[in-house]
1. If packing is taken as the average number of other Cβ atoms within 10 Å across a peptide's residues, how do 11-20, 85-94 rank, most packed first?
2. Which FRET efficiency value, to the nearest 0.05, is calculated for A66 and M5 with the Förster distance at 22 angstrom and r the Cβ-Cβ distance?
3. For H63, enumerate residues with amide H under 5 Å from its amide H, sequence gap 5+ or separate chain, H modeled in the peptide plane.
4. Can you pull the one-decimal nm distance between simple spin-label points at A86 and L59, each 7 Å off the Cα toward Cβ?
5. Please give the contour-minus-distance gain from V12 to L75: 0.36 nm per residue of separation, less the Cα-Cα distance, rounded to one decimal in nm.
6. Please compute the length gained on full extension between E100 and A52, using 0.36 nm multiplied by the number of residues separating them and subtracting their Cα-Cα distance.
7. Using modelled amide H (1.01 Å from N, peptide plane; none on Pro or chain starts), what sits under 5 Å from the amide H of V10, excluding residues fewer than 5 places away?
Amino acid sequence: RRLGMTKLVVQVGRGVYTPKCACAAAEDGAGASCGVEFLPTIFFRFAPSLDAHMRSAALVISHGGAGSIMEALGLRKPLVVVVNGALMDDHQTELAGALEERGHLR
C-alpha cells in the first residue's frame, strides 16, 4: 500500500497451488475479490488474454518466459522476473540475464 498498490491479481495456472489469502475469480475472468490484511487479492487459473491485466498493473511480476517479459516491457511496466531454472536447459535465466545486460531488466 505504501507504493500506491490497491490490489494483487495473480494468474496461478494449472498447478495444484491455491493462494490461501485470495478469492477465485469468476469463470468469465471478471474476478471476485476479498479483503485480506494487506491487499485485496484476486486469482485465476487462466485468462484468454493477459493484456488488460498487464495494462492496468502498476507492477508486473512474471515468470521468465519470453512472451510475458516482452509483453510487460512493451507496455513499459515495471517488471520483476522470477525464473524457473529447471525448465528447458535454464533458458529463462539465460534470457533474463541477457535482458539485464542490455539494460532492460535490473
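1. Ranking the peptides 11-20, 85-94 by packing returns 85-94, 11-20.
2. 0.25
3. So H63 has HN proximity to V82.
4. According to this spin-label approximation, the distance is 2.6 nm.
5. Once the chain is fully extended between V12 and L75, it gains 20.5 nm.
6. Here the segment from E100 to A52 would lengthen by 14.7 nm.
7. Here the answer is I42, F43, F44, since their amide H atoms fall under 5 Å of that of V10.
Just so you know, all these numbers are worked out from the coordinates, no wet-lab data involved. The structure presented is a predicted model; accordingly, all values stated were derived computationally and were not measured. All Cβ positions, glycine included, derive from the backbone under ideal geometry; neighbour counts span all protein chains shown.
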